[in-house]
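Q: Before I ask anything, let me first share the structure, which is written out below as structure tokens.
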Amino acid sequence: MTAVAGRSSLRRPLLLGALVALGTGAVFAIAVTTHQHSLDLASDSPHFEAIARHPWGDGSDIIAPSINGTAYRYGRILYPLLAWAIAGGQSQLIRLSLSIVFSVSLGVAVGLAAWLLAQRGRNPHAALAILATPFVLLWLRDPVFVADPTAMALVLAVYVAFTCRRDGIGRGLAALAFLTRETTVLAFLPVIWRDLRHGTNRGRLGWVAAAVPYLGWAVTLRIRMDSWPFTDPAPSRREALALPMTGIMDGVGRASDGQLALGVAIGVGSLALAWVGWRARSWFPVAAGAALSACVIPFLGPNVWPFPFELSRVLFVVQVLGVLTWIGGDARVAREPLRE
């Protein structure tokens, strides 16, 4: 009886995830057949494509490496590495494999969100609200290959693992998330803090082990490219962060006033969504993960604020966790600590 109930609870999340993955793949197919240039020029697509073609390279294939960075770009290796593996290392298949990983990742993120909502007694179809976030809406206009859906899927996979009391699996998935986008650590801080305060020594050591693959990869980049990914001197890395709110002022002149205003609206809206949600709704670790992930927003630099799509994809985790907090969280009667 329990097995039947378990299969039943998985049916709708799996179906939703599959439909979203297929729909995302269709968007890429339309973009290719209509010869949209965004696949060639927009966002970080060219960098991910260059890395996927030569994941063990020296970064020389990256466009303008002195500006865009080499170690900085190679630091987020998992998405292009998955594409390289799916393509069997064949360069002519890299774009197809990048689109497959992106599409499956977005589908997995929606499916996992639907499962989490179902466990809260909410309608799993509400997970489709993820598709109404600024990142997805702007992506539909200009489809590109970026790693953010993969990072989002891994964050939700970690939450699912901890919900199912599979803490070891959760920490292993977190290690993969760090290799996709290191800032995902902010979404895991509620669970890390709980384990540090109330967990076992094995759990604490598990989080140390989760950081080892990223640190090991960073060491190899330091040896190969003479730079750590987080200290790459390229302007793209240096101008991604700034002193609180100075990035907005420094971003004036890098884009039209309308673009900057839209970027500020997305940033402020994402911050409000996450922080007000955390104060008003209770759902560990989703609500706290949204609030902590949003802490980076005031520190975003002039290389982010003037570009609404870039800003929205950087904040995709914040937006998704914020939306889930409002949909699946319980009303708070009093302020709660960042733990279960």
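The values are calculated or read from the model by the stated rules, or taken from the named source; none is laboratory data. On a predicted model such as this, the values are computed, not experimentally measured, just so you know. When we count neighbours, we look across all protein chains shown, and the Cβ atoms used for this are built from the backbone with ideal geometry, even at glycine. The protein model used for the area step is the full one, side chains on, heavy atoms only, and it has no ligands, DNA or RNA in it. Shrake-Rupley method; radii C 1.70, N 1.55, O 1.52, S 1.80 Å.
Q: Could you pull out the residue among Arg335, Arg279 that is at pLDDT below 95, charged (D, E, K, R) and over 18 Å from the mean Cα position of the chain (by Cα)? Full working, then the answer.
A: Numbers: Arg279 fails: at pLDDT below 95.
Exactly one of Arg335, Arg279 is at pLDDT below 95, charged (D, E, K, R) and over 18 Å from the mean Cα position of the chain (by Cα), namely Arg335.
Q: While we're on this one: When you look at Val104, is it more than 14 Å from the chain's Cα centre (by Cα), open to solvent by 20 Å² or more (accessible area, probe 1.4 Å) and among the β-branched types (Val, Ile, Thr), yes or no? Spell out the reasoning first.
A: Numbers: more than 14 Å from the chain's Cα centre (by Cα): no; open to solvent by 20 Å² or more (accessible area, probe 1.4 Å): yes; among the β-branched types (Val, Ile, Thr): yes.
No.
Q: Let me ask something else about it. Return a yes/no flag: does the range 41-52 have any residue that is surrounded by fewer than 14 Cβ atoms within 10 Å (Cβ to Cβ), at pLDDT 85 or above and part of a helix (DSSP H, G or I).
A: From the range 41-52, those surrounded by fewer than 14 Cβ atoms within 10 Å (Cβ to Cβ) are 41; that's our starting set.
Checking the rest, the ones that are also at pLDDT 85 or above come to none.
No: zero hits.
Q: For the range 289-319, which residues satisfy the criterion of being farther than 20 Å from Leu112 by Cβ, open to solvent by less than 30 Å² (accessible area, probe 1.4 Å) and part of a loop (DSSP other than H, G, I, E, B)?
A: Once the filter is applied, which keeps residues that are farther than 20 Å from Leu112 by Cβ, open to solvent by less than 30 Å² (accessible area, probe 1.4 Å) and part of a loop (DSSP other than H, G, I, E, B), the range 289-319 yields Gly301, Pro302, Val304, Trp305, Pro306.
Q: What is the residue count in the range 161-178 for residues that are open to solvent by 30 Å² or more (accessible area, probe 1.4 Å), farther than 16 Å from Arg204 by Cα and either free of Cβ contacts under 8 Å to residues at least 60 places away in the same chain or not in a helix (DSSP H, G or I) (or both)?
A: 2
Q: Can Arg254 be described as of a type in the set (Lys, Arg), more than 20 Å from Leu78 (Cα to Cα) and in a helix (DSSP H, G or I)?
A: Considered against the rule, which asks whether it is of a type in the set (Lys, Arg), more than 20 Å from Leu78 (Cα to Cα) and in a helix (DSSP H, G or I), Arg254 comes out as no.
Q: I'd like the residue in the range 62-101 that is β-branched (Val, Ile, Thr) and in contact (Cβ under 8 Å) with a residue 60 or more places away in the chain and, out of all such residues, is most open to solvent (accessible area, probe 1.4 Å). Break it down into steps so the answer makes sense when it comes.
A: Of all residues in the range 62-101, those β-branched (Val, Ile, Thr) come to 62-63, 67, 70, 77, 86, 94, 100-101.
Still in the running and in contact (Cβ under 8 Å) with a residue 60 or more places away in the chain: 67, 70, 77, 100.
Numbers: Ile67: 91, Thr70: 29, Ile77: 8, Ile100: 70 Å².
Restricting to residues being β-branched (Val, Ile, Thr) and in contact (Cβ under 8 Å) with a residue 60 or more places away in the chain, the top hit is Ile67.
Q: Which ones in the range 274-288 are surrounded by fewer than 23 Cβ atoms within 10 Å (Cβ to Cβ) and part of a helix (DSSP H, G or I)?
A: Scanning the range 274-288 gives Trp275, Val276, Arg279, Ala280.
Q: While we're here: Give the range 131-143 a look and list any residue that's over 20 Å from Val318 (Cα atoms) and within 16 Å of the chain's Cα centre (by Cα), or say none. Even if it seems obvious, please write down each step before you answer.
A: Here is the first cut: in the range 131-143, the ones over 20 Å from Val318 (Cα atoms) are 141-143.
Listed by number, the list is empty, since nothing qualifies.
Q: Among the residues of the range 295-315, write down those that are farther than 28 Å from Pro190 by Cα and touching a Gly at 6+ places or on another chain (Cβ under 6 Å).
A: Once the filter is applied, which keeps residues that are farther than 28 Å from Pro190 by Cα and touching a Gly at 6+ places or on another chain (Cβ under 6 Å), the range 295-315 yields Pro302, Pro306, Pro308.
Yes/no matrix, rows are residues, columns are (1) on the phi < 0 side of the Ramachandran plot; (2) surrounded by fewer than 15 Cβ atoms within 10 Å (Cβ to Cβ):
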residue	(1), (2)
Arg202	yes, yes
Gly216	yes, yes
Leu221	yes, no
Asp226	no, yes
Ala234	yes, no
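Q: On to the next question. Report whether or not Gly23 is outside any loop (DSSP other than H, G, I, E, B), modelled with pLDDT of 85 or more, small (Gly, Ala, Ser) and surrounded by 12 or more Cβ atoms within 10 Å (Cβ to Cβ). Spell out how you get there, then give the answer.
A: Working: outside any loop (DSSP other than H, G, I, E, B): yes; modelled with pLDDT of 85 or more: yes; small (Gly, Ala, Ser): yes; surrounded by 12 or more Cβ atoms within 10 Å (Cβ to Cβ): yes.
Here the answer is yes, as Gly23 does meet what is asked.
Q: What is the residue count in the range 117-130 for residues that are in a helix (DSSP H, G or I), open to solvent by 10 Å² or more (accessible area, probe 1.4 Å) and either in contact with a Ser or Thr (Cβ under 8 Å, 6 or more places away or on another chain) or over 19 Å from Phe316 (Cβ atoms) (or both)?
A: Keep residues of the range 117-130 that are in a helix (DSSP H, G or I), which gives 117-119, 124-130.
With open to solvent by 10 Å² or more (accessible area, probe 1.4 Å) added as a condition, the list becomes 118-119, 125-126, 128-129.
Of the ones still in play, those that are also either in contact with a Ser or Thr (Cβ under 8 Å, 6 or more places away or on another chain) or over 19 Å from Phe316 (Cβ atoms) (or both) are 118-119, 125.
Qualifying residue count for the region: 3.
Q: If I filter the range 233-241 for residues that are at pLDDT 95 or above, touching a helix residue (DSSP H, G or I) at 6+ places or on another chain (Cβ under 9 Å) and part of a helix (DSSP H, G or I), do I get at least one hit?
A: Checked against the condition, which is being at pLDDT 95 or above, touching a helix residue (DSSP H, G or I) at 6+ places or on another chain (Cβ under 9 Å) and part of a helix (DSSP H, G or I), the range 233-241 yields no hits at all.
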